[in-house]
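Beneath this line is the structure, given in structure tokens, with notes to follow.
Every number here is computed from the coordinates shown, using simple stated rules; none is lab data. Source: prediction; values computed, not measured. Because the Cβ atoms are built from the backbone with ideal geometry, glycine has one as well, and the counts that use them run over all protein chains shown.
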Amino acid sequence: ALERTFSIVKPDAVAKNLIGAIYSRFEAAGLRIVAAKMLHLSREQAEGFYAEHKERPFFNALVSFMTSGPVMVQVLEGEDAVRKNREIMGATNPKDALAGTLRADFAASIDENAVHGSDAAASAAREIAYFFTDAELCSRTR
Ligand code: CMP
């Protein structure tokens with residue numbers, strides 16, 4: 001089905017000048033960028049976004065990293081967008097990521113792993129709404 005998913009180009013990938021290379025992978029796979037902006041997340045924004053990980057041992061490191069520099073946040077739209085984006089990204093830990101995926105090609109570690117992508121349709125809806133209003137989505141379906 002035609003879906004939307006939420007994506008972040010993380011501070012490591014922005015610092016390495018990889019925004020365009022990553023966007024090209026999305027587009028080559030048939031996903032459209034229907035909203036995007038550059039943000040330098042505040043601690044509050046990062047903690048709120050990752051609230052589900054609050055009790056995890058890596059939470060503080062995650063928030064520190066995600067606020068260490070600017071990110072790009074975007075909404076991707078296309079057939080099966082959630083699953084397709086996860087396939088493009090590869091496994092969370094770049095050591096486990098298949099060759100040719102974003103994490104295999106661009107990520108240094110599980111902490112600095114280049115991109116975030118929603119893991120399911122429900123989290124996609126929540127994550128999109130966390131950063132974008134409906135009016136900011138230049139979707140082909142509206
Ligand atoms: P992301 O998809 O942004 O969601 C949470 C992030 O926490 C994850 O990518 C990783 O970059 C980071 N992280 C660090 N350690 C772990 C871990 N052990 N398991 C899952 N995520 C981790």
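Couple of notes before you dig in:
- The number of residues in the range 49-72 that are among the polar types (S, T, N, Q) and not in a loop (DSSP other than H, G, I, E, B) comes to 2.
- Complete set of residues in the range 108-133 that are part of a loop (DSSP other than H, G, I, E, B), within 13 Å of the chain's Cα centre (by Cα) and aliphatic (A, V, I, L, M): 114, 120
- Residue that is within 15 Å of the chain's Cα centre (by Cα) and part of a helix (DSSP H, G or I), where the choices are 14, 75: 14
- Residue in the range 37-56 that is within 12 Å of the ligand (Cβ to nearest atom), of a type in the set (Asp, Glu) and touching an Asp or Glu at 6+ places or on another chain (Cβ under 6 Å) present: no
- Tally of residues being within 15 Å of the ligand (Cβ to nearest atom) and of a type outside the set (Val, Ile, Thr) across the range 1-14: 6
- Residue match in the range 56-78 (condition: closer than 22 Å to residue 5 by Cα and free of Cβ contacts under 8 Å to residues at least 12 places away in the same chain): no
- Residues that are touching a Lys or Arg at 6+ places or on another chain (Cβ under 8 Å) and either more than 17 Å from residue 103 (Cβ to Cβ) or surrounded by fewer than 21 Cβ atoms within 10 Å (Cβ to Cβ) (or both) within the range 8-34 comprise 29, 30, 32, 34, listed in sequence order.
- Qualifying residue in the range 79-93 (condition: of a type in the set (Lys, Arg), closer than 14 Å to residue 116 by Cβ and within 16 Å of the ligand (Cβ to nearest atom)): yes
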